[in-house]
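The values are calculated or read from the model by the stated rules, or taken from the named source; none is laboratory data. Being a predicted model, the structure only gives us computed values, none of them experimental. Here the Cβ positions follow ideal geometry from the backbone for every residue, glycine too, while neighbour counts run over all protein chains shown. Note: accessible area is taken over every heavy atom of the protein model, side chains too, but ligands, DNA and RNA are not part of it. Shrake-Rupley method; radii C 1.70, N 1.55, O 1.52, S 1.80 Å.
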Amino acid sequence: MFHDRNSARELVAALPRGLYIDGAWRESSTGASFPVHDPADATVLTEVADASLDDAMDALTAAHATQDAWGATTSRFRAELLRRAFGRIIERTEDFAALISLEMGKPLAEARGEVAYGAEFLRWFSEQAAHLTGSYAPAPNGGYRIVTTKVPVGPSLLITPWNFPLAMATRKIGAALAAGCTCVVKPAPQTPLTLALLTQIFHELEVPAGVVNYVPTLDAAALSLALMSDARLRKVSFTGSTGVGSILLRQAADRVLRTSMELGGNGPFVVFDDADLDAAVDGAMLAKMRNAGESCVAANRFLVHSDIAEEFTVRLVRRFEGLVAGDAFDPASTVGPLIDEAQLAKVTDLVDDAVAQGARLRTGGKTFGGDGHFFQPTVLTDVPDTARLAYEEIFGPVAAITTFDTEEQALARANDTEYGLAGYVYTRDISRALRFAERLETGMVGVNRGLVSDPGGPFGGVKASGQGREGGATGIEEYLETKYLAVEM
Ligand code: SIN
């Protein structure tokens with residue numbers, strides 16, 4: 001059924017509000033709960049249970065208790081289960097989309113896109129699960145055989161962000177389950193509802209008790225420290241800021257935990273003078289405005305050749321001014337609100353700072369929408385290198401344009417950042433495109449393309465943007481150890 005705001009709120013009222021531990025829904029051991037807000041008007045949607053440290057430990061106990069049995073299931077069994085979960089999510093596309101729109105704010109059409117993207121990770125990993133391989137080879141000096149096989153890493157803590165509440169969860173849970181790992185999943189406190197529905201689906205599909213545990217909390221720092229200090233946990237996977245990721249990496253070092261870190265970005269979007277401008281502007285819209293700019297792979301810095309910069313800017317401004325920022329449930333809306341007050345304040349400060357330092361405001365620049373967290377789609381030119389948004393991740397609908405004259409200049413500027421998640425390059429010269437992409441210090445490059453995200457592509461960054469890859473042919477490896485048997489003949 002298609003939802004409007006009222007029916008979406010009814011869906012929320014029917015969702016479990018508790019924690020899901022060892023195959024059952026339950027209250028927090030302290031009885032505590034916390035509110036989930038609608039970013040469109042800051043009203044409270046519902047309250048969900050706030051997991052205590054005891055609850056977190058119960059979740060880990062359940063995950064640990066069932067690890068051996070889950071790891072011993074056939075990969076075909078796990079593949080079938082994930083495939084059925086994929087189908088169930090697709091069947092419930094409208095429910096998932098409504099929850100995503102309600103708690104995260106993105107327009108319904110975009111939320112449906114996230115449902116397709118998120119479900120696809122489960123199908124992708126179901127296919128991966130069934131194709132785990134090993135090797136058999138003679139030892140180089142003879143005498144025995146070198147046999148390798150893959151074994152699950154073990155119970156994993158999966159910490160998911162608010163910007164893609166379904167897709168970032170399925171990207172981790174799908175890989176973990178496919179590999180044979182059990183998990184404790186902690187959603188962002190802004191968006192626990194989508195994951196509650198996903199958990200309900202796992203329950204309906206009879207995923208064995210303890211395999212997936214769901215523990216929303218307001219005190220993520222305490223919960224992750226407690227779990228990561230426990231010898232039964234073997235892995236932590238986190239998507240979020242570089243600041244938090246560094247703290248988790250330090251904690252992980254104490255117990256030499258396996259880690260996957262998908263952290264901040266500062267994506268350069270480079271347009272050469274021979275680029276197809278229509279394609280570059282289309283790509284810019286996608287790379288910048290997907291999710292209202294609240295994405296780690298968002299284009300953060302537009303570097304445009306000076307000969308075409310004004311034409312590119314005029315076209316981009318026209319497209320930005322054609323966007324309709326508004327209620328996610330209004331079919332006319334193409335951009336939703338930012339997630340919360342803090343994010344709105346940050347984006348406002350970044351724009352004000354750039355303008356105060358001499359950047360030219362070409363459109364937008366203001367908040368609007370009463371108690372909602374709306375910011376106008378904004379284009380700035382002449383952005384000085386000292387402006388904070390030139391080196392900080394914006395996470396909002398703001399395009400900051402600067403110019404360059406030579407390829408070397410563009411490359412130096414693009415790489416002049418501690419981050420290295422995604423970059424984009426537009427040129428008709430294929431040699432230059434590949435040369436530039438190879439020298440760009442990022443884990444992913446969109447070549448004449450404004451979107452890199454794909455379950456079949458290895459998602460991840462270099463430098464302060466993280467380590468490890470999610471999705472793609474190697475995504476499942478993040479949850480596997482290679483075991484080597486030396487077999488005497
Ligand atoms: C992210 O912003 O963390 C990931 C977005 C994506 O998968 O495209």
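Within segment 420-456, list the trypsin sites (Lys or Arg not before Pro) lying in a DSSP loop whose Cβ has at most 16 other Cβ atoms in a 10 Å radius.
Taking segment 420-456 and a limit of 16 other Cβ atoms within 10 Å, the loop trypsin sites (Lys or Arg not before Pro) found are R428, R449.
So, counting K/R as plus one and D/E as minus one, what does the shell of residues with Cβ under 14 Å around F77 add up to?
Residues near F77 contribute +2 overall.
Of all the Cα-Cα pairs you can form in segment 324-404, what percent are over 19 Å apart?
On the way: 1120 of 3240 pairs.
Beyond 19 Å sits 35 percent of the P(r) for segment 324-404.
List, in order, the whole-Hz ³J(HN,Hα) value for each residue of segment 31-48 obtained from phi through the Karplus relation with A = 6.51, B = -1.76, C = 1.60 and θ = phi - 60°; use x for Gly and Pro.
Calculated HN-Hα couplings, in order: x, 6, 9, 9, x, 10, 9, 8, x, 6, 9, 6, 6, 7, 7, 5, 10, 10 Hz.
Within the chain, what whole-number % of the accessible surface is contributed by carbon and sulfur, with the 1.4 Å probe and all protein chains included in the calculation?
53 percent
Binning at 20 Å from 0, report for the chain what percent of all alpha-carbon pair distances ends up in each bin.
With 20 Å bins starting at 0, P(r) equals 24, 54, 21, 1.
Between the DSSP loop rule and a limit of at most 16 other Cβ atoms within 10 Å, which chymotrypsin sites (Phe, Trp or Tyr not before Pro) in segment 1-93 are left?
Numbers: sites: F2, Y20, W25, W70, F77, F86; in loops: F2.
Loop-located and lightly packed - F2.
How much length is gained if the chain between D282 and E206 is pulled fully straight, taking 0.36 nm per residue apart and subtracting their Cα-Cα distance, in nm to one decimal?
23.0 nm
Taking amide hydrogens as modeled 1.01 Å from N in the peptide plane, which residues meet the under 5 Å criterion relative to F404, leaving out close sequence neighbours?
Residues meeting the criterion, in which the H sits 1.01 Å from N, are V304, H305, S306.
Enter the accessible area of H131 (Å², nearest 10), with the probe set to 1.4 Å and all protein chains included.
130 Å²
For the pair T74 and R145, how long in nm is the line joining their label points, each one 7 Å along Cα→Cβ?
2.2 nm
Is there a pair in K172/K366; K288/K483; K346/K463; K186/K483; K106/K150 whose C-alpha atoms are over 31 Å apart, and which pairs would that be?
Flagged as over cut-off: K172/K366; K288/K483; K106/K150.
What is the set of long-range amide H partners of R145 at a cut-off below 5 Å, with H atoms built 1.01 Å from backbone N?
Under 5 Å from the amide H of R145: A139, V487, E488, M489.
What trypsin sites (Lys or Arg not before Pro) does segment 206-276 have in DSSP loop regions with at most 10 other beta carbons within 10 Å?
Those that pass, being in a loop and sparsely packed, number zero.
Segment 10-73: Rg/Rh from Cα coordinates, Kirkwood Rh?
Numbers: Rg = 15.0 Å, Rh = 13.5 Å.
Using only Cα positions, Rg/Rh for segment 10-73 is 1.11.
When ligands, DNA and RNA are left out and all protein chains stay put, how many square angstrom of accessible area per residue does the chain have with a 1.4 Å probe? Mind showing how you got there, number by number?
On the way: 18430 Å² over 489 residues.
For the chain, the per-residue accessible area is 38 Å².
Need one value: the accessible area of I430 in square angstrom, 1.4 angstrom probe, rounded to the nearest 10.
Near enough 110 Å² of accessible area.
Using amide H atoms built in the peptide plane, which far-off residues or other-chain residues are under 5 Å from S260 H to H?
The list, which skips near neighbours in sequence, is V236, S237, F238.
Which value in nm describes the separation of the simple spin-label points at T133 and V44, placed 7 Å from the Cα toward the beta carbon?
So the label points at T133 and V44 sit 5.5 nm apart.
Taking GluC sites (Glu not before Pro) that fall in a DSSP loop and have at most 15 other Cβ atoms within 10 Å as cut points, what is the longest piece of the chain between them?
With GluC sites (Glu not before Pro) excluded where exposed in loops, the chain gives 207-417 as its longest stretch.
Over segment 267-454, what portion of Cα pair distances is larger than 19 Å, expressed as a whole percent?
That tail contains 54 percent of the Cα-Cα pairs.
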